[in-house]
Amino acid sequence: MENEKALHKRKSLRLKGFDYSKTGAYFLTICTQNRKNTLSTIVGEGSPLPQLSPYGEIVYGCIQKIPEKYPEASVDCYVIMPNHIHIILSIAKDDGRGNPSPTADTVIGWLKYQATKEINKYRGTAGDKIFQRSFFDHIVRNRDDYYEICKYIYENPIHWYYDKLYSKE
């Protein structure tokens, strides 16, 4: 029984003690449930691009709504891959309206919730999981780090078949 509990205890991916509502930029990766290729396909040669599925189109629409929902947040760069999404999310300081700045958790939680709700509505299902429980994050440390990550995101479709998240399914 003790081993069973240990197997089910999830390790936090967040940097312990870091305030994710602080002004800054965050590189985030969100994976689909069981890493199923449901959001896009990679098409073209030389400089391939993601061709969004209907589910990917829904995710795209939700990403576009982030600044409306969270005026202190902006999506600087992103790509919707077949089974994951890469985003650079910037959080600005509180705008003085009395609401605290959102956190990366808050924004991504909303994105995943909204996209899941809309995809399930589109499919005529209820309660189906679309995304894995958590997400990977990296705190962007400086301008060079920022530009290196933007380049990685931009080039991700080119390297899809060599990507550690690559899956045929």
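The values are calculated or read from the model by the stated rules, or taken from the named source; none is laboratory data. Computed from a predicted model, the values in this text were never measured in an experiment. Every residue, glycine among them, receives a Cβ derived from its backbone with ideal geometry; neighbour counts consider all protein chains shown.
Descriptive notes on the structure:
- Among the candidates I139, I149, residue that is surrounded by 18 or more Cβ atoms within 10 Å (Cβ to Cβ), of a type outside the set (D, E) and at negative phi: I149
- Test: residue in the range 119-131 that is closer than 22 Å to T23 by Cα and of a type in the set (F, W, Y): no
- Scanning the range 67-83 for residues that are crowded, with 17+ Cβ neighbours inside 10 Å and either assigned to a helix (DSSP H, G or I) or touching an Asp or Glu at 6+ places or on another chain (Cβ under 7 Å) (or both) yields one hit, E72.
- Which listed residue is crowded, with 17+ Cβ neighbours inside 10 Å, in a strand (DSSP E or B) and at pLDDT 95 or above, from I30, I108: I30
- The listed residues are A115, A126, and the only one of them that is surrounded by 18 or more Cβ atoms within 10 Å (Cβ to Cβ), of a type in the set (G, A, S) and in contact with a helix residue (DSSP H, G or I) (Cβ under 7 Å, 6 or more places away or on another chain) turns out to be A115.
- Of all residue pairs spaced 6 or more apart or on separate chains, those with beta-carbon atoms under 8 Å, a first member in the range 69-84 that is closer than 14 Å to T38 by Cα and a second member that is assigned to a strand (DSSP E or B) and of a type in the set (S, T, N, Q) are I80/S40; M81/S40; P82/S40; P82/T41; N83/T32; H84/T29; H84/T32.
- For D144: the one exception among (1) assigned to a helix (DSSP H, G or I); (2) at pLDDT 95 or above; (3) surrounded by 14 or more Cβ atoms within 10 Å (Cβ to Cβ): (3)
- Lone qualifier among Y60, Y26 - being hydroxyl-bearing (S, T, Y) and more than 21 Å from D163 (Cα to Cα): Y60
- Criterion: assigned to a helix (DSSP H, G or I) and either more than 30 Å from G46 (Cβ to Cβ) or hydroxyl-bearing (S, T, Y) (or both) - qualifying residue of I153, I119: I119
- Odd one out for Q64 among (1) surrounded by fewer than 12 Cβ atoms within 10 Å (Cβ to Cβ); (2) under 19 Å from the mean Cα position of the chain (by Cα); (3) modelled with pLDDT under 95: (3)
- Taking the range 124-169 as the range and being in contact with a strand residue (DSSP E or B) (Cβ under 9 Å, 6 or more places away or on another chain), in contact (Cβ under 8 Å) with a residue 12 or more places away in the chain and among the acidic types (D, E) as the test, the residues that pass are D137, D163.
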